[in-house]
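The values are calculated or read from the model by the stated rules, or taken from the named source; none is laboratory data. In this text, all values refer to a predicted model and were calculated from it rather than measured experimentally. Every residue, glycine as well, gets a Cβ built from its backbone with ideal geometry; the counts of neighbours run over all protein chains shown. Heads up: the accessible areas ignore ligands, DNA and RNA and are worked out on the full protein's heavy atoms, side chains in. Shrake-Rupley method; radii C 1.70, N 1.55, O 1.52, S 1.80 Å.
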Amino acid sequence: MRCSDFVLSAALSAGAVGCGTEPAAPEPEPSGPAVPASEALIAKSIAYHDPGGLWDSGEIALRIMESRPNGVTRAVEVGMAPGRGAMEVSRETDAAVVSFAVRGEEILRRAVDGDEELDEAALGEHNLGAEGVMRLRNYYLFLWGLPMKLRDPGTIVDPEPVMDSYNGQDALKVRVTYDPEVGGDTWYFYFHPDTARMVGYRFYHDESANDGEYIHLDGEIENNGLRLPAKRSWFFHSNDEFLGEDEAVSLTVTP
């Protein structure tokens, strides 16, 4: 839902104005429809993180270090043009360099250590089947694209935010669900009450079961005005188990 602009112009009454006659005051024109408070908060957050609209119009290169409690680390390079649906990903571990490129729903390339001649066993071993590739594409596109991705079609935003706390700080909480064809999880997004900077989020597959995860956001990385959270730390709701950390170590944005 787009925020409607208020109408600022007013027309004077038609007809000539006689000498010495004060013109009649213009009738105020009605403003546009009221914007729900949560939508206004999301718009403010997007203005904080992406004031130039570069997420949808530019080319973005991210280098990310991913670490997991079992000692696995990955150096990940993501190049994307979200407005054109294009993405290239290269994930480097001790075992192999796994890469793919997509445009929209089309897989353009898949490779392991530069080898694109992959059989079904190799595709499965390296999570490069069609489902695995699109899952990774959506993972990087959605999470690194927040809060801008909260304007995607199929996103259902509760109209009113709630003052709450997150990770020991005051925060405005917005509940988000999705059309069934888009997704079935329930999300809660948390924003700084003054700046609308995104400070964290959580999701549930079944909220009554307290499943799903919560994600702390720390620091920022910025280039050409695009300002993204730099570090994500993941935890289970059920037992607060630490699941891993993703940190952007470089960001380059080309308008």
Check your understanding: Tell me, what ³J(HN,Hα) does each residue in segment 225-241 have, in order and in whole Hz, if you take phi through Karplus 6.51 cos²θ - 1.76 cosθ + 1.60 with θ = phi - 60° and put x for Gly and Pro?
Key -> x, 7, 10, 10, x, 7, 10, 10, 10, 10, 9, 6, 5, 4, 9, 6, 5
**Study point:** Convex hull per residue volume in Å³, alpha carbons only, for the chain
**Key:** 188 Å³
**Study point:** Relative frequency of Cα-Cα separations exceeding 17 Å in segment 126-255, percent
**Key:** 64 percent
Review point. When averaged across all projection directions, what area in nm² does the alpha-carbon convex hull of segment 189-255 cover?
Key: 5.8 nm²
Study note, to complete from the structure: Pseudo-spin-label distance Glu117 to Ala61, built 7 Å along Cα→Cβ, given in nm, is 3.1 nm
Check your understanding: Just by accessible area at a 1.4 angstrom probe, what is the order of Val249, Val89, Val157 from largest to smallest?
Key -> Val249, Val157, Val89
Revision key, fill the gap. The helix 37-49 Cα axis meets the longest alpha-carbon principal axis of the chain at an angle in degrees, between 0 and 90 and rounded to 10, of 60 degrees
**Study point:** Accessible area expressed per residue, the chain, with surrounding protein chains retained (probe 1.4 Å, Å²)
**Key:** 54 Å²
